[in-house]
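J.: Below are the structure tokens for one structure; questions will follow.
Every number in this text was worked out from the coordinates using simple rules, so none of it is lab data. All values reported here derive from a predicted model rather than from experimental measurement. Cβ sites come from the backbone with ideal geometry, for glycine too, and all protein chains shown count toward neighbours.
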Amino acid sequence: MLDAGLDLGKTPAMSAVLLRESGRHAALGYPLLLSASNKRFLGELLALDIEDRRAESLGAVAYGAIAGCRIMRVHDVAGTVRVCKVIEAIVANAFEKERA
């Protein structure tokens, strides 16, 4: 399993780049962990207090899921499950249309 270690010894900009490059990391063939929930980099980049980062954390999960992250460490489990189901439905639907 790979973990980019968002926030761990990194600037907010570095963490944002690592999140953005999740697809590149996932392409290495190992399961990729995303641990962006409520992270400092989201707060600093978007000027949000920790209690105001729910939507942004879910947005990071959506991005990560699309990019290939398959393990999520989160605070909002129910919200994350809903987001991942939406992403799964979109991707499955797109795949079915490509096959048709």
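J.: Just to be sure I understand the rule: take each whole DSSP H helix in the chain, project its Cα atoms onto its long axis, keep it if the span is 27 Å or more and its mean Kyte-Doolittle hydropathy is at least 0.0. Which ones pass?
T.: Helices meeting the span and hydropathy rule in the chain are 77-99.
J.: May I ask which residue of S35, L2, L18 lies farthest towards the positive end of the charge dipole of the chain, with charges of +1 (Lys, Arg) and -1 (Asp, Glu) on Cβ and the Cα centre as origin?
T.: The residue sitting most towards the positive pole is L2.
J.: Determine the calculated [θ] at 222 nm for the chain from helices alone, applying -39500 (n - 2.57) to every DSSP H run no shorter than 4 residues and normalising by the residue count; nearest 500 deg cm²/dmol. Kindly include the intermediate steps, with their values, before the conclusion.
T.: Numbers: 5 runs with 58 residues, N = 100.
Roughly -18000 deg cm²/dmol at 222 nm, from the helical runs in the chain.
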